[in-house]
Amino acid sequence: VIGRTDEVSLKSARERAKELRLTLRRGEDPRVPKNAIPSLSEVADSYFATRGQELSPRTLAWYQQKVEGPLSSLKKIPVDRIDRATVRALHEKITRKTGAYGANGAMRVLKLLINDAARTHDLPPNPVTRGVRMNQEKARDWAVGPDEMPLLWRQSDGLDDRVRRCCWLVMLLTGLRSGDARSMKWEHLDQDGVLTVPSPKGGEAKAFKLPLPRFLGSGLTTSK
């Protein structure tokens, strides 16, 4: 039932009937009320509450910074109303303001959040995928080559700060990330010289154990 004859005009009833037919062809039941589409801020809060434990504190803080900073103008907008023109203009604006990497990072967070909302809501195609041409990024070339290694060893040996010297030694001999090396604690190292890395990139779910080389173990003991 669309409505009573004294409530709906014939023209309005015909237009509504067309809409209902299209809805039925999509396999949707028009009698089932649709859930309200959440705003970007609501989607972000839900994502951080449900998935935040799976992320490292640093990654979680980075996501939150993007929502509160570059994406703040979209926070109150329902995610189904964020269109291609809007995100394309925002990407260009952020590029001018903070640079290519910051703009691309903001768009990746926006794309992730909209995709997460699409798991439970019927949304149009992701506007970031359709409307944004990411800035070209140059691969970071931070690796130390074989020819540079002798100089690095001499420079690290010459450091007066023992903690900093040991940190460089750990990274060179294990390949650990800087944050993991700097957050090492003695309770993470067992009596067999196996190090537990409790919260690597990816969060606690990615924790792993790493046997340390004997040379490194003796160096850490000496520094202790």
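The values are calculated or read from the model by the stated rules, or taken from the named source; none is laboratory data. Note that the structure is predicted; figures quoted are calculated from it, not measured. Note: ideal-geometry Cβ built from the backbone for every residue, glycine included; neighbour counts use all protein chains shown.
What number of residues within segment 111-121 are in contact (Cβ under 8 Å) with a residue 12 or more places away in the chain, within 15 Å of D83 (Cα to Cα) and not in a helix (DSSP H, G or I)?
Count: 0.
Which one is nearest to A207 (Cα to Cα), of the residues in segment 166-186 that are in a helix (DSSP H, G or I) and free of Cβ contacts under 8 Å to residues at least 12 places away in the same chain?
First pass over segment 166-186, keeping only residues in a helix (DSSP H, G or I): 166-174, 178-182, 186.
Next, only the ones that are free of Cβ contacts under 8 Å to residues at least 12 places away in the same chain stay: 171, 178.
Working: M171: 17, S178: 16 Å.
Top of the filtered list is S178.
Okay, residues lined up against (1) under 21 Å from the mean Cα position of the chain (by Cα); (2) over 28 Å from D157 (Cβ atoms):
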{"residue": "M171", "(1), (2)": "no, no"}
{"residue": "R177", "(1), (2)": "yes, no"}
{"residue": "D192", "(1), (2)": "no, no"}
{"residue": "P198", "(1), (2)": "yes, yes"}
{"residue": "E204", "(1), (2)": "yes, yes"}
{"residue": "F215", "(1), (2)": "no, no"}
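Return the only residue of A85, A44, A103, A49 being among the small types (G, A, S), under 24 Å from R119 (Cβ atoms), in contact (Cβ under 8 Å) with a residue 24 or more places away in the chain and assigned to a helix (DSSP H, G or I).
A44
What number goes with the only condition from (1) exposed (fewer than 11 other Cβ atoms within 10 Å of the Cβ); (2) touching a residue at least 40 places away in the same chain (Cβ under 8 Å) that R140 does not pass?
Tallying (1) exposed (fewer than 11 other Cβ atoms within 10 Å of the Cβ); (2) touching a residue at least 40 places away in the same chain (Cβ under 8 Å), R140 fails exactly one: (2).
So in segment 41-68, with the set limited to residues that are hydroxyl-bearing (S, T, Y) and buried (at least 16 other Cβ atoms within 10 Å of the Cβ), which one is nearest to the chain's Cα centre (by Cα)? Spell out the reasoning first.
Looking only at segment 41-68, we keep the residues that are hydroxyl-bearing (S, T, Y), and these are 41, 46-47, 50, 56, 59, 63.
Pick out the ones that are also buried (at least 16 other Cβ atoms within 10 Å of the Cβ) and you get 41, 47, 56, 63.
Details: S41: 15, Y47: 11, S56: 10, Y63: 5 Å.
Checked segment 41-68; the qualifying residue nearest to the chain's Cα centre (by Cα) is Y63.
Applying the selection to segment 63-82, what residues are farther than 18 Å from K97 by Cα, assigned to a helix (DSSP H, G or I) and of a type outside the set (V, I, T)?
Let us first name the residues in segment 63-82 that are farther than 18 Å from K97 by Cα, namely 63-64, 75-82.
This time we only want the ones that are assigned to a helix (DSSP H, G or I), so: 63-64, 79-81.
Scanning segment 63-82 gives Y63, Q64, D80, R81.
Looking at (1) among the acidic types (D, E); (2) in the same structural domain as G69 (by TED's automatic domain parsing); (3) under 19 Å from the mean Cα position of the chain (by Cα), which is the one condition that is false for E92?
Result: E92 passes all but (3).
Residue by residue through segment 76-99, note down the ones that are more than 23 Å from R51 (Cα to Cα) and surrounded by fewer than 15 Cβ atoms within 10 Å (Cβ to Cβ).
Passing the criteria: R81, D83, A85, A89, E92, K93, R96, K97, T98, G99.
Is there any pair with a first residue in segment 198-214 that is not assigned by TED's automatic domain parsing to the domain that holds R177 and a second that is surrounded by 16 or more Cβ atoms within 10 Å (Cβ to Cβ) whose Cβ atoms are under 9 Å apart and which are 6 or more apart or on different chains, and what are they?
none
Hey, can you tell me all the residues within segment 1-41 that are part of a loop (DSSP other than H, G, I, E, B), of a type outside the set (S, T, N, Q) and closer than 21 Å to A118 by Cα? Steps first, answer last, please.
Step one: of segment 1-41, the residues part of a loop (DSSP other than H, G, I, E, B) are 1-9, 26-38.
After this cut, where a residue has to be of a type outside the set (S, T, N, Q) as well, the list is 1-4, 6-8, 26-34, 36-38.
Answer for segment 1-41, where residues must be part of a loop (DSSP other than H, G, I, E, B), of a type outside the set (S, T, N, Q) and closer than 21 Å to A118 by Cα: R26, G27, E28, D29, P30, V32, P33, K34, A36, I37, P38.
In contact (Cβ under 8 Å) with a residue 12 or more places away in the chain, part of a helix (DSSP H, G or I) and charged (D, E, K, R): is that true of K93 in this structure?
Values: in contact (Cβ under 8 Å) with a residue 12 or more places away in the chain: no; part of a helix (DSSP H, G or I): yes; charged (D, E, K, R): yes.
Here the answer is no, as K93 does not meet what is asked.
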